[in-house]
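First up is the structure itself, then whatever we jot down about it.
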Amino acid sequence: MAFRWLANIIAPPICIGCGWPGSWLCKSCHSHLTWIDSQIDWWSLINLDAGVAKIWSATEYVDLAKEIVVRVKYQRQFALCQLQAKIMMLAYGKYIQEAGIDWLVPIPITTARQRWRGFNQAALIAKHLSNYTNISYNLKALRRLDHGTAHAKKNRQQRQAELPMFEANPVVCQGKTICLIDDVVTTGSTLKTAAGACRQAGASQIFAATFAATIG
Ligand SMILES: [Zn+2]
C-alpha cells in the first residue's frame, strides 16, 4: 500500500478516461463530463432538500465523475482531489466568490474511515478550492460525533440508515457565511444535518458546494 501512495505522488499523471499522458483528465475527456448548469436550481427540480440557501455541483455523478470519486475514496488516489476542486472552480467558482463566504467547511468523515483512508477527501477538496477561490477553509468549524457503542452493535443496514451527527464550533461559525464542501451530494441528508449544526452554532448563512451530484 505504501508503494501505491508513493506511486500516486511521483508517477506522471495519465488521463482517467482514455489513458493519454500529461494530465489526470485530458481535454477531450474533460469535455465529456456531464456538467450541471450552475444557474439552474436543479436541486429544487428534484426536490432535494439539504437545508442550505444554495447547492453548487459541477457534474452529475456518472461515468468519469463517478470514476474520479471512486478512485479517491477506495483507491486512495488523493491527488485527484485537486482535479475535483479545479472542475468545481471551472463550473461555479465565480458564483462562490461572489457569495460573500467566510469559510469553506469540509464535511468531516468518521474517525474510523479517516484512519482507514488516511485522509478526508472533502478536506483536501476544500483546501484546493480555497487556493483557487482565495476563500479560507476551516477544519475546526465542524466535527463528526460518534454514534457510540449501541451503534456498533447494529447491523450494516441499520447503521447506514442512521443520519450522521455533527457538532459545530460557535467560535468559528457565529455570524459567518459558510459553504459546506463535499465530494458528492445524493439525498442531501448529510448536508442537511451538518447545516443544522452550523445554524445552531450561529452561522448566518449556509451554502454547499460539491464536485458531483446524483440527479434523477
Ligand atoms: Zn482522456
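The values are calculated or read from the model by the stated rules, or taken from the named source; none is laboratory data. None of these values were measured; they are calculated from a predicted model. Positions of Cβ are generated from backbone atoms using ideal geometry, with glycine treated the same way; all protein chains shown enter the neighbour counts.
Please go through region 72-85 and give me each residue that is surrounded by fewer than 20 Cβ atoms within 10 Å (Cβ to Cβ) and either at pLDDT 95 or above or under 17 Å from THR34 (Cα atoms) (or both), ordered by number.
Correct list: GLN82 only.
Quick one: in region 27-71, which of the residues that are outside any loop (DSSP other than H, G, I, E, B) and among the charged types (D, E, K, R) is nearest to the ligand (Cβ to nearest atom)?
The initial filter retains those residues of region 27-71 that are outside any loop (DSSP other than H, G, I, E, B), namely 27-31, 35, 42-45, 55-60, 63-71.
Add one more test, that the residue is among the charged types (D, E, K, R), and what stays is 27, 60, 63, 66-67, 71.
Values: LYS27: 8, GLU60: 18, ASP63: 12, LYS66: 15, GLU67: 11, ARG71: 14 Å.
Filtering first and then ranking leaves LYS27.
Out of region 98-118, which residues are within 23 Å of GLU162 (Cα to Cα) and under 16 Å from the mean Cα position of the chain (by Cα)?
As a first pass, look at region 98-118 and keep what is within 23 Å of GLU162 (Cα to Cα): 105-117.
Residues satisfying the conditions are VAL105, PRO106, ILE107, PRO108, ILE109, THR110, ARG113, GLN114, ARG117.
If I go through region 99-122 residue by residue, how many of them are crowded, with 20+ Cβ neighbours inside 10 Å and free of Cβ contacts under 8 Å to residues at least 24 places away in the same chain?
1
The rows are residues; the columns are (1) surrounded by fewer than 17 Cβ atoms within 10 Å (Cβ to Cβ); (2) modelled with pLDDT of 95 or more; (3) farther than 13 Å from VAL105 by Cβ.
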{"residue": "ASN155", "(1), (2), (3)": "yes, no, yes"}
{"residue": "GLN158", "(1), (2), (3)": "yes, no, yes"}
{"residue": "ALA161", "(1), (2), (3)": "yes, no, yes"}
{"residue": "PRO164", "(1), (2), (3)": "yes, no, yes"}
{"residue": "ALA168", "(1), (2), (3)": "no, yes, no"}
{"residue": "VAL171", "(1), (2), (3)": "yes, yes, yes"}
{"residue": "GLY175", "(1), (2), (3)": "yes, yes, yes"}
{"residue": "ILE178", "(1), (2), (3)": "no, yes, no"}
{"residue": "GLY188", "(1), (2), (3)": "no, no, yes"}
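Please give the number of the condition TRP24 fails out of (1) within 14 Å of the ligand (Cβ to nearest atom); (2) surrounded by 14 or more Cβ atoms within 10 Å (Cβ to Cβ); (3) at pLDDT below 95; (4) outside any loop (DSSP other than H, G, I, E, B).
With (1) within 14 Å of the ligand (Cβ to nearest atom); (2) surrounded by 14 or more Cβ atoms within 10 Å (Cβ to Cβ); (3) at pLDDT below 95; (4) outside any loop (DSSP other than H, G, I, E, B) applied to TRP24, the lone miss is (4).
Let's see how each residue does on (1) in contact with a strand residue (DSSP E or B) (Cβ under 7 Å, 6 or more places away or on another chain); (2) of a type outside the set (Phe, Trp, Tyr); (3) within 14 Å of ALA85 (Cα to Cα):
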residue	(1), (2), (3)
ALA112	no, yes, no
TYR137	yes, no, yes
LYS154	no, yes, no
ASP182	yes, yes, yes
GLY196	no, yes, no
ALA208	yes, yes, yes
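What is the residue count in region 128-146 for residues that are surrounded by fewer than 18 Cβ atoms within 10 Å (Cβ to Cβ) and over 19 Å from ALA99 (Cα atoms)?
5
Among all residue pairs at least 6 apart or on different chains, which show Cβ distances below 8 Å where the first residue, located in region 63-76, is closer than 17 Å to CYS29 by Cβ and the second is among the polar types (S, T, N, Q) and not in a helix (DSSP H, G or I)?
Within 8 Å, the pairs are ASP63/THR34; ALA65/THR34; ALA65/THR59; ARG71/GLN77.
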